[in-house]
Every structure is written in C-alpha cells, then in structure tokens.
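The values are calculated or read from the model by the stated rules, or taken from the named source; none is laboratory data. Not measured: the values here are computed from a predicted model. All Cβ positions, glycine included, derive from the backbone under ideal geometry; neighbour counts span all protein chains shown.
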Amino acid sequence: MRLNLKQKGLIIVAIPLVWEGLFVLFLYLMLEDAENKVNKETKSRIVLQEVNNISKNMFDSASHLVAWNFTHRREELQRFDNTMLSIADSIDNLKALSADNPIRAEHAKKLEFHGKATMRNLIAHREKMVGDASKVYTPNFQQFRRDFGKDFDPFLKEAQILANEEERVQKQVPQAVEARKTSLRIFLITGFAINVIAAIAVALYFNRDISSRLLVLIENSKRMAIGKELLERIKGRDEVAQLDNVFHDMAESLRQAEATKREFVQMISHDLRTPLTAILGTFELLSSGAYGTLSERGQTRVVDAERESERLIGMINELLDIDKLESGNMQLLCENVELQPILRRAVEAVTVIADNRKLKLDVTEENPIVHVDTDRIVQILINLLGNAVKYSPEGGVVSVRTTNEKDFVRIDIIDQGPGIPKKDKKAIFERFKQIEGEEYKRSGSSGLGLAICKALVEGHGGIIAVDSEVGHGSRFWFTVPAEKTAKSKENTSGLEGIAS
C-alpha cells in the first residue's frame, strides 16, 4: 500500500519525535539515577554524622555528670539533660534515615538498643549523684566507669561497623557517578550521531520519494509550456502521482485542442479565405465596370461589399498570424536597417485615410539603425498608426517620435483620441479585448491587432505599452533592438524566432 503525502509527512515528523522522546526519557532516567546516587552518598554522610553525634553526646553526658559530681554546678546537670535529649533525637533521626535500607536499619536497631541502655545507665547514675549531693561521688566512680563502658563499648563497636559500611558506600558512589557521567557522555555523542544519521536518512528518503518526483512535475510543467512531450507518468496513488496524472491529462487535452485549432485554422485558410478572395475579386471587377455599368446605388453597394470583404480577409489574416506566432512558425528575419524607410512605408499605408480625416502626420526625421525584421515592424507601425488615425478627431495631429535607449530604439505613436482608461491599459494587448465606449465600438476592430503587435515586439526582444489619460489622447510606444555588431548578433540570435 502506497502512503499519501499526509501519511508520509506524519511518518517523517514522527520518527525524529519518537527518537527524541526516547532520548529524553533515557537521559532523564540516567540523570535521576545519578541524582539518587548523590542522594545516597549524602544520606550516608548524614547517618555517619548522627552516629558521631550520638557517640560525642554520650561522652559529653558522662563528662557533665563527672563535672557535676565535683563542682555541683547546676549548669552541668542542665547540660546533661540537654545532651540526653539530643541523643534521643539523633537515635530517632538514625532510625528514620535507615528505614529504606535493611542493612542500615539492622545496625540502627542495635545502635538504638546499646544507646538507650547507655542512656538509662547514665540517668541512673545521675539520680544517685543528685540524691547524695552532700558528698562527692568518689566511692562509686569506678563502678560508674564500668557501667558506662558495659553498654557504650558495644555501641562504639556497632557504630564502627556501620561507619565502615557507610565509608564503603561513600567510596562506591563517586565511582558510580563518574561511570554514569562517562555513560552519559557516550550516550549524548551516540544520540547526536543517530540524530544526524536519522536526519540524513529522512532527507534521502524525502529526496528520493518526494523531491525527485516533484522535479518530474517541474520538468513536466516546463515541457508543457514549450509543447514538448511529457515524461512518463509517475507511479503511485499519492497526491504527487495524482497531480502528475492531471498534468498528463491536461497535456492530452491541450494536444487535442491544438489539433482542433489547427483544423479550424486550415478551414479558415482554405474554406474561407479562398472563397472570400474570389468574392473580393468579383466585387473589384464589378466596381471597375468589367461587367457593365452599375447604377449609383449599385456602385455604392458594391464598394461597401468590397470593403467588408477586405475587412473579413484582414481578420482571417490576423487569426493566421496569431496562430503562427503561438506555434512558433513565424520566423523573424532580422537585419541592420535604417528606420526612416520603414516609417515611410507605414505612413504611406495610412496616408489616404489620414487625408480623408484631414489629419496631419508628423513624423520624426531621425534615422537610427535598428536590427529588425522590416516587414514585421511595418506591420506593427501600420496597426498603431491606423488606430491613431481611426480614433483621432478630424483636423488633429498624429505624431511619430524616436528615442535612443542604450541597446534599443524607442518608437512613439502619439494621437489626440479619446484616451484609454487605466484599467484597460494592459488588457488591450490581449486577444479579442476591446475598450468599452461608443467611439471604440464603432471602429469595427477585431481585437487582434494589438495582440499581434505585442507578440511581434516581444519576438524582437522589446516591450510595448501605452501611456494615456481619458480625454487627453494616447501615446503607444515600443522598443526594438538598435544596430547589432557581429558579436552581439551571436549573443542575441535567439530573438530571431517567436514562440508564444
């Protein structure tokens, strides 16, 4: 079963998370173990301290009794009583500290037994001394020493055994802690190495299973953009494979649409243009009187029909030009030429229309050398000048200006027409896009002329745009390459073919 991208993403995220969780857990356990060992050592030291306190207080208690026996100072008895209380507290503390350790608890039990026996012996001697306070307790001092030693000596022996045991523990703990530190260092280094290896493994998996297939999608998108055959379909059922299938289905649909378009263009070329050309020829013959003299009304109708036929043939030619541009079948034959002859050809093509509208054509006399396909630049200029003449008011002026801009020459066509709204400045260069407005609707434009101009200008490596304000006319401008040297021609040879 092939996983989808969501499941793969969860696995990619889960693997390091699980490892990090185990890593942190094990690290926590190691630290807790080290802390327990330190606590064990600390408790051992406290146990020894309590045993030493008991031993010291036992000696101090006996010393206080002996001192009182000779001095009868009340402070000595008070000190004796306080020391007894301290011994009792230490014994209780020792029992509490030993509760979780059976061996230590056994020693504590014996120490408690001997310690309390010693305390009882000391208290009994205190009572005898205080009861016969009129004399020094000399006759029984030897007995006092024997009684004290009888219980205290076993206490000291047991205390020594416990001390030896605790010292052994205290020696072992630092060694264990150091060993744990070493293990911790090894674990950290190993964990880091495993992390790195896991990260590399995940990256390799991602690269092999996802990135490599995404690269196929990117390559397919590039191939689709230039009309090349797509790579083989990606196997699998995840989102990447599904997207690749969509790409292939879309490419197939585009191929079918392209085939349909080619058939349509062929139909236009053969089934429409040829008959229309024949019809136009017939109208021209009628208009010239080849079939006899027509009435004035008939002559007018024939001229109108002739004009409409020319318009239809022009639209068909524009459609064919667009098809050639998009399919990359229109080759630009660029060479270094003077600009003035190109401008003259374009101006001559619109002079009749301009004269009919009493328009002045003001053309620059500058004559830069440009590297262009002459016929295509003439086509662009005729289209732009034709629009300028068409939309300018009668008696107005249409100007043509040129400007040198580094490696390009800029050509401006300036009219006094109604202007173009800001929102339409980019849209008018798209196919079949026209500006809303009565003046533009009456023009009968096909909406293809500016799209063809844009494709041809971009095919030369230039740009085309318009600067305009409503009510203040328009300035259409485009750039073409300036004169090319032999070396620069080699570097820019790729501009000499157009593909949409």
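Candidates in region 14-40 are the residues that are loosely packed, with under 13 Cβ neighbours inside 10 Å and among the charged types (D, E, K, R); of these, the one that is nearest to the chain's Cα centre (by Cα) is GLU32.
Looking at region 251-261, is at least one residue surrounded by 17 or more Cβ atoms within 10 Å (Cβ to Cβ) and part of a helix (DSSP H, G or I)? Yes, that holds for at least one residue.
Residue under question is GLY292, and the condition is that it be at positive phi and surrounded by fewer than 17 Cβ atoms within 10 Å (Cβ to Cβ); does it hold? For GLY292, the condition - at positive phi and surrounded by fewer than 17 Cβ atoms within 10 Å (Cβ to Cβ) - is met. In region 405-424, of all residues being within 43 Å of the chain's Cα centre (by Cα) and under 27 Å from PRO368 (Cβ atoms), the one that is surrounded by the most Cβ atoms within 10 Å (Cβ to Cβ) corresponds to VAL409. Might you check whether a residue that is small (Gly, Ala, Ser) and touching a Phe, Trp or Tyr at 6+ places or on another chain (Cβ under 9 Å) occurs anywhere in region 234-256? Taking every residue of region 234-256 in turn, none turns out to be small (Gly, Ala, Ser) and touching a Phe, Trp or Tyr at 6+ places or on another chain (Cβ under 9 Å). Pairs are defined by a Cβ separation below 8 Å, a sequence spacing of at least 6 or placement on different chains, a first member in region 145-173 that is in the same structural domain as HIS114 (by the TED database) and more than 17 Å from HIS114 (Cβ to Cβ), and a second member that is hydrophobic (A, V, I, L, M, F, W, C) and modelled with pLDDT under 85; the pairs so defined are VAL173/VAL38. The sole residue among ASP89, ASP151 that is modelled with pLDDT of 90 or more and within 22 Å of LEU48 (Cβ to Cβ) is ASP89.
Considering ARG233, ARG297, which residue is more than 30 Å from LYS324 (Cα to Cα), at pLDDT 80 or above and surrounded by fewer than 12 Cβ atoms within 10 Å (Cβ to Cβ)?
Among ARG233, ARG297, only ARG297 is more than 30 Å from LYS324 (Cα to Cα), at pLDDT 80 or above and surrounded by fewer than 12 Cβ atoms within 10 Å (Cβ to Cβ).
Screening ARG376 on (1) under 15 Å from PRO481 (Cα atoms); (2) in contact with a strand residue (DSSP E or B) (Cβ under 7 Å, 6 or more places away or on another chain); (3) at pLDDT 90 or above shows it passes everything except condition (2). Flag set for MET224, criterion: outside the structural domain of ALA451 (by the TED database), modelled with pLDDT of 75 or more and either under 30 Å from ILE11 (Cβ atoms) or buried (at least 16 other Cβ atoms within 10 Å of the Cβ) (or both).
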